[in-house]
């Protein structure tokens, strides 16, 4: 791993080259916007916390066209599926918070064999910005992340002493930097970085503690806990939490035909919606709101943890901030951990 | 908490405790405090002791009528689809209702979604609820860590900053033009009654109407561009109770599921249109929207036309018919193509 | 890039047979359009596939044919939703898509080998069990005695009537086909599946049971089996849930930590008992 | 009539070429306007061939969903025609519909949809000539607007 020091002009040079050579995206206000060469200032100062729009948009396209087909009766190739010919564009995502970057790594576990997700991963470079300052809704540390975490990133930038310390983490990250970019980081920089990391971790226990606690809990005891009733009562059963969540990755598949052109798309779906589990017979295994609310949290905290060893939550706090009725996942975690 | 809110909170708690203790109601629907500044949670108190969790402030933005049909049903004894309705009176629910919430209860009564005899309504006159997004905008991107309500001010503070803003400047758009802030039906009235004189109720709509068609189309498409189709607007709405929403119909599928422009536009048009003549402008949709879409302007246009064309205002009279469920022989029809008989 | 698991193989409907008197259940014989796809297709009884009606969508359907029946794949489909309705309406020769095989299937070459087999089915849930039965019969030496209990509401609602006739009297095969109530022209067994099971169930000694049917049937079939000593880990059930991807990703079919499409659809009763009842 | 049929019936192709002709979906009530269209034919009152008729039991049956579905599928214009007030076979279907259509037309125009895209009229069974006049007028309006773009669902095939 290569560590560099970059001053602000060095960073602007990098951004300028990325904006020119490929698609550059960065957090602007609440969303992820395409950044052009003459709009680089927009991403030079980024407010604390993750932007409202989730990073998953870049990997789980909304919608993703799985394939297209001709729906013209009589065509020889009518209904023959043709996968999209165009490969996804090369992209650099800049200013990605370590929590969001971690979500990319977590989602790539269930999507390990998914050609669409992997193709987008291949073509996307992720440049992170560590969090010297956090929000009141940030809780990455308690779910196994860190404000200086590097998981899922190609380069991590840390603001220090009027410039940036750049940790180049992958060969893709190496490839992003032109020769002669920045200067090798000095001992002072390394010490500074270590001090920031240590300070961020101070007072927190082992980062894997929470997933271990959840793995140790009995599944059906959590499932049958009393708390679900009160928790689900105010829930509107909308999909705001799921759709803004960077680690909610469920989808639905549907065919669309318009004027004899057809496609099969996959698009975000939410286990909060009654339709999610409805059988054609009318039977619905999660027909009641309480079951759907429970499934969302159980999936993040218990089911996913059992399958992949980590919680499916990166502590970005989006759901806490944007839930219309303020359902707070930190309280759910606290209450579930106290279930005996 | 301002003095008025503190007093209302105390009265709500006392009444809820009394009703729950006496057994008159089985559950009381109100608000409790949230985990972040400027948030509240709808809350169902079932024991007299729960009443102390109830609160009242300027951030009670969800419409509690939305929860009533399901809450009432959950209190009925379980029965199969073919079993006869239970004999004797069914358990009652107490609910805090502002002007708009009470009007939505009236709409639900008109549409046979709730039974008035099972409700004990604690009416509260609304001073206008505060729009969290407006306060955030005033804080210019700095996170508010504490928001205190004074009589006419909001004191906002966070890391390294403090600021005082005029409360009215942060009140939700719908509350600014609300002409029915007092409950239209209630069993008990709590707190002071206010009589606001509102002019220009539809000024926002008239401003849009005055724009050229292309500009209106741009306004509409820009407004909904950030929609993520989470349906928070629909689910926060007390009018939306269809067992299968048009969005979920598959035979035929009226609206595509993607966030492509045509799909999103159709969703918003049809959602708003389903509320035509029934919307009380409670603003829950906008308050619920995580993306800050001002979809209230769509329903407001329909309210304006229903008022001007049919003289209808939603939720004022339990005996009245919703305007689209009735007609008058002389309803306006200037929009029709007329061909003279030759 | 590895093979795209979302792309269906083009196939054609080679034959359609109406199975039941109400016309709501049909069996479709599907042949692959590309020889390569036909040659590489391998499935295990109990697995399912996604059938595509382009423009309408995809549905998971249990494979009704045994891997020993070569050259085609059979699906017996109940008309219920958008896609199955469209499938019921299309004609012989029409192109459809097929994606799979998916899921785990019955352990015909694992835990079931060398054992006596009890097959219990109700209604149209016999489909993957038909695949299994044909497979067992084709590898007769690998299994002990086979007992089948199959029930439907009326004689007209029984699947694969001709085949049942052909299986009658085969050595080591005890067929018990029953209908719920007496019906004119029916001389076979009468009574619900649990009742018949109680009468004919073999000893659990060196045996495995496969049960498919409506939840209510499974619920009442278990007590008589338990009474004579059947254990939960000897009983295989096949779960159904709404599915979209069939690959254990999309989340629709999850029941607790398992995905019915990937970890199932076949589970032992012991496994099922540890799951939330969300199927 | 089932909704399903309506949907497949409105799946039209818009091809904005030089000699572009608009496609207009006409929802006609079975008792009056459909009979009016019939009469126009029998009486040889000519009208432009741009309309695709969908027969509905009553103009009251026509919902906002159907009108928008036609626009989504690429119809350049929509016409809904029913019985004159007082003549409804079901007494008040058209009168209920009149309120709905009035609100919908205003609403779509408010959002920026061109006024001529959706049209409503009353045509009785005896008004064959009027029917042909209505169709001429609607076709003229839609032609002046050009091919529809707003609200149209597009699918791109590589």
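Derived from the Cα gyration tensor, the three semi-axes of the equivalent ellipsoid of chain C are 29, 22, 18 Å, largest first.
Let me know the whole percent of all Cα-Cα pairs from chain A that are separated by more than 30 Å.
In whole percent, the share of Cα-Cα pairs in chain A beyond 30 Å is 42.
Listed by Cβ neighbour count within 10 Å, with the fewest neighbours leading, B:169, A:17, B:126 appear as B:169, A:17, B:126. Two numbers describe the Cα atoms of region A:7-55: Rg and Dmax, which are 10.8, 29 Å. Round to the nearest 0.05 the FRET efficiency obtained for residue C:140 and residue C:226 when R0 = 30 Å and r is the Cβ-Cβ distance. According to the calculation, E is roughly 0.55. Between the Cα long axis of helix D:128-145 and the first principal axis of chain D there is an angle of about 20°, rounded to the nearest 10. Centroid-to-centroid, using Cα positions, region B:264-311 and region A:281-340 are 31 Å apart.
Averaging 1/r across all pairs of distinct Cα atoms in the protein assembly as shown and inverting the result yields a Kirkwood radius of 32.8 Å. The DSSP beta bridges internal to region C:166-279 are antiparallel in roughly 50% of cases. Modelled this way, with points 7 Å down the Cα-to-C-beta line, the labels at residue B:116 and residue A:78 are 6.0 nm from one another.
Can you pull a Stokes-Einstein diffusion coefficient for region B:68-156 at 37 °C (0.692 mPa s), Rh from Kirkwood over Cα pairs, as a whole number of µm²/s?
Approximately 198 µm²/s, per Stokes-Einstein.
Per residue of A:60-71, other chain Cβ atoms within 10 Å of the residue Cβ number 4 on average. Each residue, residue C:34 and residue C:183, gets one label point 7 Å from its Cα in the Cβ direction; the gap between the two is 4.3 nm.
Each label was represented as a point 7 Å from its Cα along the Cα-to-Cβ direction; for residue C:153 and residue C:24 these points are 0.6 nm apart. Each part gets one Cα centre, and for region C:228-279 versus region B:174-193 those centres are 53 Å apart.
Bridges between two residues of chain B, per DSSP, are antiparallel at a rate of about 65%. Nearest 10 degrees, 0 to 90: what angle lies between the long axis of helix D:33-42 and the longest principal axis of chain D (Cα atoms)? That helix lies at roughly 90 degrees to the long axis. For the peptides A:121-134, A:50-63, C:220-233, the ranking by packing is A:50-63, A:121-134, C:220-233, with the highest mean count of neighbouring Cβ atoms within 10 Å listed first. Taking every C-alpha pair closer than 8 Å and separated by at least 6 residues, the mean separation divided by the residue count of chain A gives a relative contact order of 22 percent. Among B:275, A:313, the ranking by other beta carbons within 10 Å of each residue's beta carbon, starting with the fewest, stands as B:275, A:313.
Where both bridge residues fall in the protein assembly as shown, DSSP classifies roughly 55% of the beta bridges as antiparallel.
Give me the percent of Cα-Cα pairs in chain B that sit more than 26 Å apart, rounded to a whole number. That tail contains 54 percent of the Cα-Cα pairs. Peptide B:287-300 has a mean shielding of 3, counted as Cβ atoms of other protein chains within 10 Å of each residue's Cβ. Evaluated on region A:193-337, the Kirkwood hydrodynamic radius is 17.2 Å, with distances taken between all distinct Cα atoms. Each Cα pair under 8 Å and six or more residues apart adds its separation to the average, and for region D:21-145 the resulting relative contact order is 39 percent. Based on alpha-carbon centroids, what's the gap between region D:80-158 and region C:1-68 in Å, whole number please? With region D:80-158 and region C:1-68 each reduced to a Cα centre, they are spaced 45 Å.
Each helix, a run of at least 4 DSSP H residues, gives -39500 (n - 2.57); summed and divided by the residues of the protein assembly as shown, these come to -8500 deg cm²/dmol at 222 nm. Averaged over peptide D:131-139, the number of partner chain Cβ atoms lying within 10 Å of each residue's Cβ comes to 2.
Hey, if you drop one equal point scatterer on each alpha-carbon of region C:9-101 and run the Debye formula without solvent, what base-10 log of I(q)/I(0) do you get at q = 0.12, 0.17, 0.21 Å⁻¹? Calculated log10 I(q)/I(0) at the listed q: -0.32, -0.66, -1.03.
When peptides C:138-145, A:159-166 are sorted by average Cβ neighbour count within 10 Å, with the highest value leading, the order is A:159-166, C:138-145. Averaged over residues, the count of other Cβ atoms within 10 Å places the peptides C:178-190, B:208-220 in the sequence B:208-220, C:178-190, highest first.
Ordered by the number of other Cβ atoms lying within 10 Å of each residue's own Cβ, fewest first, C:245, B:227 fall into the sequence B:227, C:245.
Any read-out appearing in this document is the output of simple, stated calculations on the displayed coordinates, not a laboratory observation. Not measured: the values here are computed from a predicted model. With ideal geometry, Cβ positions are generated from the backbone for all residues, glycine too; neighbour counts draw on all protein chains shown.
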